[in-house]
Amino acid sequence: MANNSAPERLSFAEADTRLVQALSASFERYYDNVLLFDGDLVLEGGFLDAVARIGSLDDVDLVVITGDLTVSGPIALYESLPGLYVGGTTRAETLEGGDCEIYIQDGTFTHLVYGDYNNGILETRTVETPWVINYDHDLRVSAPGARLVDNYGDDDDADFGSENIVEAFVAEVVDPEDESIDVPEFLERLRAGLPVLRPGAGGAAARA
């Protein structure tokens, strides 16, 4: 049952006790203040803006949802704070992580999961999404069937990397100098229902 009432403001220790030490078992950094939603949470629009309309994010280090999280727009957390923990299933348009720590369980993401640079951590259990893009991030994602794009250039197991990105993807989503995906342009084409791969280009799904 969705609970969009005002969240609780707790210390990390109080929230960790409430979740039977699930937070301290996951998060690697030190945190003070937690905004805790007890139960399922359904949000319209982007995650951060929607949360801020319910409870202020001032001085909040972590947002914690004990149940399922459903967001009609993206979950895009690029700053070092707040981090995110979801105890249930997460559903959103995207899951994008930057400098913060993100820990979720299973989930479904319409367009992509993206980890940007190496200051943060994005960890999931098994998720459904068509694309996983990694730019030198601590990306701990299990997404069977997704196409994996290494946007940094050091993952030999990726479906697409510097050696084939330029020829595999349409020009509108490629930075030819860096031989990488332009993630905002890539996402805009996905949202518009436009192709991102050139005809005949493969990947994990094509080989399955």
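Values as computed for the structure displayed
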item: Odd one out for Ala171, checked against (1) small (Gly, Ala, Ser); (2) open to solvent by 10 Å² or more (accessible area, probe 1.4 Å); (3) touching a residue at least 24 places away in the same chain (Cβ under 8 Å); result: (3)
item: Positions within the stretch 5-40 being under 19 Å from Leu122 (Cβ atoms), part of a helix (DSSP H, G or I), open to solvent by less than 70 Å² (accessible area, probe 1.4 Å) and not hydroxyl-bearing (Ser, Thr, Tyr), in sequence order; result: Ala22, Leu23
item: Condition check for Leu112: in contact (Cβ under 8 Å) with a residue 60 or more places away in the chain, surrounded by 16 or more Cβ atoms within 10 Å (Cβ to Cβ), among the aliphatic types (A, V, I, L, M) and part of a strand (DSSP E or B); result: yes
item: Enumeration of residues in the stretch 140-156 that are closer than 21 Å to Asp182 by Cβ, of a type in the set (D, E, K, R) and part of a strand (DSSP E or B); result: Arg147, Asp150
item: Residues within the stretch 126-139 that are under 14 Å from Gly97 (Cβ atoms) and assigned to a strand (DSSP E or B), tallied; result: 7
item: Any hit, the stretch 70-86, residues being in a helix (DSSP H, G or I) and either of a type in the set (Phe, Trp, Tyr) or out of contact with any Pro (no Cβ under 7 Å at 6 or more places or on another chain) (or both); result: no
item: Members of the stretch 136-165 that are more than 13 Å from the chain's Cα centre (by Cα), within 17 Å of Thr94 (Cα to Cα) and open to solvent by 40 Å² or more (accessible area, probe 1.4 Å); result: Pro144, Gly145, Arg147, Leu148
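The values are calculated or read from the model by the stated rules, or taken from the named source; none is laboratory data. It should be emphasised that the depicted structure is a prediction, and the values quoted were computed from it without experimental measurement. A quick note on method: Cβ atoms are made from the backbone with ideal geometry, for glycine too, and the neighbour counts reach across all protein chains shown. Calculation scope for accessible area: heavy atoms of the full protein, side chains included, ligands and nucleic acids excluded. Shrake-Rupley method; radii C 1.70, N 1.55, O 1.52, S 1.80 Å.
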